[in-house]
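Engineer: One structure coming up, written as structure tokens, with questions to follow.
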């Protein structure tokens, strides 16, 4: 079992244990936002993101959550000169809260995983040069390469949750996950 699978299994067991003696409602959110993909070389681009979060309270102040989001970032220079990447983040973590059971400010973080599935296509190689594998020629002098990578994800987030109705939740947050940054708004439901 790889390292990510061990961490995910540990978090799932923590979720199962947390579900029984909960304090406050379990919350489920669907979110949209702005995702800025980054690397050690700087910004890779921005894109809209979609995802969901489940939060289970452990105590009045502490909760465990699992967050999943995905975004497709694209850089296009010409028809046959572009790069696109689908980033999927799975981010389980702990959350510390200030406020009531339904409206609160929070800070949280944890360790998760990231799947990066990328495609690069270019027609900018010199006429005298033909790249080798993993590049493949899809049309005369147009080459592309696909790449998928899994990596650990370290993340922190800060935000607030408001409850304008008994079970309705509105959540706004910002986060940093490895080199990525994002801002999201979510609508959710609080179960009793």
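Here, each number is a calculation from the coordinates, and none is a lab measurement. Note that this is a predicted model, so its numbers are computed, not measured. Here the Cβ is made from the backbone with ideal geometry for all residues, glycine too, and neighbour counts use every protein chain on show.
Engineer: Give me the number: length gained by fully extending residue 127 to residue 172, i.e. 0.36 nm times residue separation minus the C-alpha to C-alpha distance, one decimal in nm.
Structural biologist: Working: separation 45, 0.36 × 45 = 16.20 nm, distance 5.10 nm.
Full extension of this stretch gives 11.1 nm more.
Engineer: For the chain, evaluate the Debye formula with one uniform point scatterer on each Cα (no solvent term) and list log10 I(q)/I(0) at q = 0.11, 0.12, 0.14, 0.16 Å⁻¹, rounded to two decimals.
Structural biologist: -0.57, -0.65, -0.81, -0.97
Engineer: Using only the Cα atoms of region 48-110, what do you get for the radius of gyration and for Dmax, in Å?
Structural biologist: Radius of gyration, then largest Cα-Cα span, for region 48-110: 17.2, 54 Å.
Engineer: Right, something else. What percent do you get for the relative contact order of region 55-192 when only Cα pairs under 8 Å and 6+ apart count?
Structural biologist: 19
Engineer: Hull surface divided by four, with the convex hull built on the Cα atoms of region 126-192: how many nm²? List each step's numbers first, then the result.
Structural biologist: Working: hull surface 35.0 nm².
For region 126-192, the mean projected area of the Cα convex hull comes to 8.7 nm².
Engineer: Based only on other Cβ atoms within 10 Å, what is the fewest-to-most ordering of 151, 163, 103? Intermediate values should be presented prior to the final figure.
Structural biologist: Working: 151 10, 163 19, 103 14.
Ascending Cβ contact count within 10 Å gives the list 151, 103, 163.
Engineer: Between residue 107 and residue 76, what is the label-point separation in nm under the 7 Å Cα-to-beta-carbon projection?
Structural biologist: With each label placed 7 Å out from Cα toward Cβ, I get 4.2 nm.
Engineer: Which value at 222 nm does the chain reach when only helices count, each DSSP H run of 4 or more adding -39,500 (n - 2.57), with the total divided by all residues and rounded to the nearest 500 deg cm²/dmol?
Structural biologist: Counting only the DSSP helices, I get -3000 deg cm²/dmol.
Engineer: In addition: At 7 Å along Cα-to-Cβ for each site, give me the label-to-label distance between residue 150 and residue 34 in nm.
Structural biologist: Result: 3.3 nm between the two label points.
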